[in-house]
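Below you'll find the structure, written out as structure tokens, and then a few comments.
The values are calculated or read from the model by the stated rules, or taken from the named source; none is laboratory data. Here the structure is a predicted model, which is why all the values come from computation and not from measurement. When we count neighbours, we look across all protein chains shown, and the Cβ atoms used for this are built from the backbone with ideal geometry, even at glycine. Please note that ligands, DNA and RNA were not included when accessible areas were found on the heavy atoms of the full protein model with its side chains. Shrake-Rupley method; radii C 1.70, N 1.55, O 1.52, S 1.80 Å.
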Amino acid sequence: MMGPAHSLSGAAAWLGVGAAAAAAGHTMPWPVLVVGALITAGAALAPDLDHKSATISRAFGPVSRALCEIVDKLSHAVYKATRGSGDPRRNGGHRTLTHTWLWAVLIGAGASAAAITGGRWAVLAILFVHLVLAVEGLLWRAARMSSDVLVWLLGATSAWILADVLDKPGNGSDWLFSAPGQEYLWLGLPIVLGALVHDIGDALTVSGCPILWPIPVGRKRWYPIGPPKGMRFRAGSWVELKVLMPAFMVLGGVGGAAALNFI
């Protein structure tokens with residue numbers, strides 16, 4: 001799928017988690033709901049860091065472009081080293097390592113560890129990166145017409161404000177993990193969710209997605225998971241633009257209302 005659809009699906013997924021938590025009697029504080037939705041929307045773009053034309057590869061200028069090249073080469077190297085007898089040869093690393101459940105878990109765990117060990121500045125960095133990506137994904141038309149510097153300033157300002165809001169008692173810095181020293185440990189959860197939602201979205205397209213790696217399926221270790229061929233669509237097609245994106249908006253709205261106990 002394309003960037004805007006990935007971001008919308010990520011935000012909708014977190015709002016759905018919030019609705020489920022409310023139904024179970026564990027309503028999220030509203031800052032956790034909002035920040036989590038924004039982080040998930042940003043994290044839903046992150047797996048495409050292995051593609052030089054992806055939104056995330058352009059989002060942070062030369063830094064993200066250089067990181068894209070590194071991730072692409074790393075992904076390709078891992079693919080070549082681990083491919084099964086049924087896996088085809090490839091010239092690049094797109095839709096390999098970064099599009100797996102293992103990558104999603106490792107990235108989320110790394111973010112949680114950074115938040116715990118790095119303190120406020122690590123939290124601000126995590127928020128900044130994902131808020132910039134959320135703007136690029138959810139407000140992509142405005143972001144394309146604005147300069148990168150303005151988007152970065154918006155991300156930095158929003159990160160600072162939202163971190164202050166979360167730090168206030170009862171607002172969620174210690175949501176779910178309430179032991180001393182565990183503030184912001186939950187930040188890894190929307191990052192994992194965003195990456196997995198991205199993978200599921202890509203699995204619906206023509207090429208499928210090797211979500212299960214390194215678990216082998218038949219002779220393939222990089223088996224492209226997806227629905228039957230007739231149910232798949234091309235990225236950017238009318239199915240994505242006219243059906244899925246409106247559906248994500250509706251589901252997100254319903255999920256958010258339910259999460260806040262409005263319905």
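Before we move on, is Ile107 open to solvent by 20 Å² or more (accessible area, probe 1.4 Å), at pLDDT 95 or above and either within 20 Å of the chain's Cα centre (by Cα) or at positive phi (or both)?
yes
Could you tell me how many of the residues in segment 224-262 are over 17 Å from Cys209 (Cβ atoms), crowded, with 18+ Cβ neighbours inside 10 Å and of a type in the set (Gly, Ala, Ser)?
Residues meeting the conditions: 5.
Take Gly236 and decide whether it is within 24 Å of Val132 (Cα to Cα) and in a loop (DSSP other than H, G, I, E, B).
Yes: the conditions hold for Gly236.
Collect the residues in segment 206-263 that are polar (S, T, N, Q) and within 27 Å of Thr100 (Cβ to Cβ), keeping them in residue-number order.
Residues satisfying the conditions are Ser207, Ser237.
Considering (1) modelled with pLDDT of 95 or more; (2) of a type in the set (Val, Ile, Thr); (3) closer than 30 Å to Pro169 by Cα, say which one Val78 fails and leave the rest.
Val78 satisfies every listed condition except (3).
May I ask you to list pairs of residues, at least six apart or on different chains, whose Cβ atoms are under 6 Å apart, with the first in segment 184-205 being under 17 Å from Ala109 (Cβ atoms) and the second being open to solvent by less than 10 Å² (accessible area, probe 1.4 Å) and of a type in the set (Ser, Thr, Tyr)?
Pro190/Thr40; Leu193/Thr40; Gly194/Thr40
Please name all residue pairs, on different chains or six or more residues apart, with Cβ atoms under 7 Å, provided the first residue is in segment 116-134 and is open to solvent by less than 20 Å² (accessible area, probe 1.4 Å) and the second residue is of a type in the set (Ser, Thr, Tyr).
Note: pairs meeting the criteria are Val123/Tyr184; Leu131/Ser158; Ala134/Ser7.
Within segment 78-99, how many residues turn out to be open to solvent by 50 Å² or more (accessible area, probe 1.4 Å) and farther than 20 Å from Arg219 by Cβ?
2
Restricting to helices (runs of 4 or more DSSP H) lying wholly in segment 1-111: which have 3 or more residues that are over 21 Å from Asp148 (Cβ atoms)?
3-23, 30-43, 62-82
Go through segment 186-198 and count every residue that is crowded, with 23+ Cβ neighbours inside 10 Å and β-branched (Val, Ile, Thr).
Selection size over segment 186-198: 2.
Please count how many residues of segment 139-176 are open to solvent by 60 Å² or more (accessible area, probe 1.4 Å) and not acidic (Asp, Glu).
Here the count works out to 17.
Could you tell me which numbered condition Glu183 fails, if it satisfies all but one of (1) buried (at least 19 other Cβ atoms within 10 Å of the Cβ); (2) over 13 Å from Leu127 (Cα atoms); (3) at pLDDT 90 or above?
(3)
Any residue at all in segment 79-93 that's acidic (Asp, Glu), farther than 25 Å from Val165 by Cα and touching a residue at least 24 places away in the same chain (Cβ under 8 Å)?
Yes: segment 79-93 contains one or more residues that are acidic (Asp, Glu), farther than 25 Å from Val165 by Cα and touching a residue at least 24 places away in the same chain (Cβ under 8 Å).
Tally up the residues in segment 48-65 that are more than 14 Å from Met1 (Cα to Cα), surrounded by fewer than 16 Cβ atoms within 10 Å (Cβ to Cβ) and of a type outside the set (Lys, Arg), please.
3
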